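To keep things clear, I will list the structure first and then write my remarks on it.
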């Protein structure tokens, strides 16, 4: 081992060798240097662990090819497509909602050249980017006006800064939620410059609690949809209509963070707990905020819809420029919203809703197809079993979807090792483990992804 470490060349001397110098010229000297450092570090580590008793021929074609592969691997994009076989439809770690083909086309169309992002074509004068989707949102929700920012947390922050800065916000203790990444609603309220006034108890808040809390300093009554948890048992919450009546009488704003942004009734699929945006606004809520990339099925965005005078305040607020939506997301959102109008059917054309509404029999058929193809290439221990899929992204945490998974065990591979190998495939495949078997849930896998999974297992079997 000592001889191996002593004979390991310095990086500078390796860079002077003709084959390596040629590679450095083909890529860059810095990239070649970094790649050589990584390679020699591995050689040193393997030698110390007694896993290597000789060094490679640094002048050989084989080493040159290894160096090129090392550089090309480092050049691969960090952000890559993956196959979501977790059974979680809107997986935050995996990018949330899939975009519809028309949304992707819109992004390419707008991103490939100049656009009328802030130009009114009729007059030739400067316009507003907000105009491109406002009418669509209003038509779909019944709101008087609407505006879009870059995400729902920004929507809540903007709404509170524009309406309650320096004043108080009344919210139920049972609705002071924490969202992903440990961001808590009380902290967002504090950042807005407003003062939080908690009312009620964790499990019970009545209209009288809100009424007693309102004073001359109160600007907003804030409701938050508890989509990522449930309090069950001895519970009570104030009715929105009663809150709307109270807010109108006391001349304060009633706003609600809806989270997921459901535009159509999902109760036929057993998912009736997510409120439809239009229904909420009909109860008299002044302003709602919801996400574009959850159950709406579009890009990351925060949508605010409601009273025209409130939306006007938001559009003119200084924070708007910092949280405004970019042109690519705006193009994708416009295209996605169009899929909610005739002749389109969102349950067919919006990928998230299509996965949610797909009959379990079709999911089973896809699982059986993958099982049969894996058996055909030599995967002996493979089966199909029923399982539960979930919406994800904090939506409907206690409601599952009937699904079917392909379960696999390979010889000489633990379940952990197999999951790691699948993640290291050219197109990473993300599954889950149950009872020491890798499970690939077919509710979140498309038909055109099945051949990629088959290729991944073919490579594993050939190693």
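None of 372, 309 is surrounded by fewer than 19 Cβ atoms within 10 Å (Cβ to Cβ) and not assigned by TED's automatic domain parsing to the domain that holds residue 457 except 309.
Screening the candidates 331, 322 for the property of being crowded, with 19+ Cβ neighbours inside 10 Å and at pLDDT 95 or above yields one hit, 331. Considering the range 331-391, the qualifying helices (runs of 4 or more DSSP H), each wholly inside and each with 1 or more residues that are within 16 Å of residue 264 (Cα to Cα), run over 346-349, 351-357. Of all residues in the range 270-283, those being touching a strand residue (DSSP E or B) at 6+ places or on another chain (Cβ under 7 Å) and in a loop (DSSP other than H, G, I, E, B) number 5. In this structure, does residue 318 turn out to be farther than 30 Å from residue 436 by Cβ, out of contact with any strand residue (DSSP E or B) (no Cβ under 6 Å at 6 or more places or on another chain), without any contact (Cβ under 8 Å) to a residue 60 or more places away in the chain and outside the structural domain of residue 226 (by TED's automatic domain parsing)? Answer is no for this residue.
Residue-by-condition table, conditions (1) surrounded by fewer than 13 Cβ atoms within 10 Å (Cβ to Cβ); (2) under 24 Å from residue 315 (Cβ atoms):
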{"position": "69", "(1), (2)": "yes, no"}
{"position": "82", "(1), (2)": "no, no"}
{"position": "94", "(1), (2)": "no, no"}
{"position": "102", "(1), (2)": "no, no"}
{"position": "131", "(1), (2)": "yes, yes"}
{"position": "135", "(1), (2)": "yes, yes"}
{"position": "160", "(1), (2)": "no, yes"}
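In the range 1-51, counting only helices (runs of 4 or more DSSP H) that sit wholly within it, the ones holding 1 or more residues that are more than 18 Å from residue 65 (Cβ to Cβ) and free of Cβ contacts under 8 Å to residues at least 60 places away in the same chain span 2-7, 11-15, 29-48. Only a single criterion out of (1) out of contact with any helix residue (DSSP H, G or I) (no Cβ under 8 Å at 6 or more places or on another chain); (2) at pLDDT 95 or above is not satisfied by residue 346, namely (1). Looking at the range 426-446, which of its residues are surrounded by fewer than 19 Cβ atoms within 10 Å (Cβ to Cβ), in contact with a strand residue (DSSP E or B) (Cβ under 9 Å, 6 or more places away or on another chain) and not in a strand (DSSP E or B)? Those that are surrounded by fewer than 19 Cβ atoms within 10 Å (Cβ to Cβ), in contact with a strand residue (DSSP E or B) (Cβ under 9 Å, 6 or more places away or on another chain) and not in a strand (DSSP E or B): 427, 428, 435, 436, 446.
The values are calculated or read from the model by the stated rules, or taken from the named source; none is laboratory data. Note that the coordinates shown come from a computational prediction; the quantities given were computed from them, not determined experimentally. Backbone-built Cβ (ideal geometry, glycine too); neighbour counts: all protein chains shown.
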